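A short reminder: the numbers here are calculations on the coordinates, not readings from a lab. These numbers were taken from a predicted model, which means no experiment stands behind them. Note: ideal-geometry Cβ built from the backbone for every residue, glycine included; neighbour counts use all protein chains shown.
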Amino acid sequence: GSAPRMRRLHELGFAVLGIDYRGFGRSEGSALPSEAMAYEDARAAWDWLKRDAEKTGAPEAGAVRRFVFGHSLGGAIAVDLAAQVEDDASGLIVEGSFTSLRELLATFKWGWLPVGPLLTQRFEAAARIAQVRAPVLVVHGSDDHLVPPTLGRALYERAPGRKRFLLVEGGSHHDSSARGLDEYRVAVRELFGVAAVE
């Protein structure tokens with residue numbers, strides 16, 4: 001389902017390693033997905049990518065720039081990974097994501113129900129983004145009816161360093177990268193120095 005988004009990242013100048021977390025997509029394992037397992041899987045993919053680069057004779061450590069990307073729930077996982085790997089990440093891109101699962105649920109029509117104490121999976125991206133040292137790009141669609149743009153903006157506000165917020169006019173939860181591709185291209189070039197090879 002994320003293949004079109006990955007192709008757009010290619011158009012922006014990135015090579016992409018996409019993974020399915022345990023319990024999602026075509027991943028193996030019968031366990032129900034959990035926050036802890038998703039964080040572990042993201043870190044395992046990051047570590048594998050680093051080992052693979054070293055094994056294939058990629059340039060010295062530090063010469064290969066790696067970025068963390070996450071969409072929707074994956075945005076919270078990406079924030080956690082970027083906080084874990086600190087100086088090893090060249091940038092973080094979060095698209096259509098939120099500050100925390102509790103705050104997201106509060107925006108739903110039944111959000112007045114006191115479900116906070118019952119949540120075991122919290123995905124506290126706003127708390128973790130304060131530990132991210134890499135530049136941060138937060139992208140959100142103005143017409144995202146699943147995750148309100150106010151949550152994307154609030155996540156952006158909590159990022160401590162170099163950062164940029166891109167609100168894609170008319171973008172939904174699923175098509176902001178397509179609808180705002182030209183704006184996206186400018187943002188990744190200006191913030192990260194990444195540009196597609198013409």
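Residues whose amide H lies under 5 Å from that of GLY23, counting only those 5 or more places away or on a different chain, are absent; hydrogens are built 1.01 Å from N in the peptide plane. When all alpha carbon pairs of the chain are counted in 5 Å bins from zero, the resulting P(r) reads 1, 7, 15, 20, 21, 18, 10, 5, 2, 1, 0 %. For ARG122 and ALA15, what does the FRET efficiency come to when R0 = 35 Å and r is the distance between their Cβ atoms, rounded to the nearest 0.05? Efficiency for this residue pair is about 0.65. Calculation over all alpha carbon pairs of the stretch 1-43 in 10 angstrom steps from 0 returns a P(r) of 26, 41, 29, 4 percent.
Backbone geometry of the stretch 77-93 corresponds, through the Karplus equation with coefficients 6.51, -1.76 and 1.60 at θ = phi - 60°, to 3J(HN,Hα) couplings of 5, 5, 4, 4, 4, 4, 5, 5, 8, 6, 6, 7, 9, 8, x, 10, 10 Hz, x marking Gly and Pro. By the helix-only formula, in which each DSSP H run with n ≥ 4 contributes -39500 (n - 2.57) and the sum is divided by residues, the chain has a 222 nm mean residue ellipticity of -11500 deg cm²/dmol.
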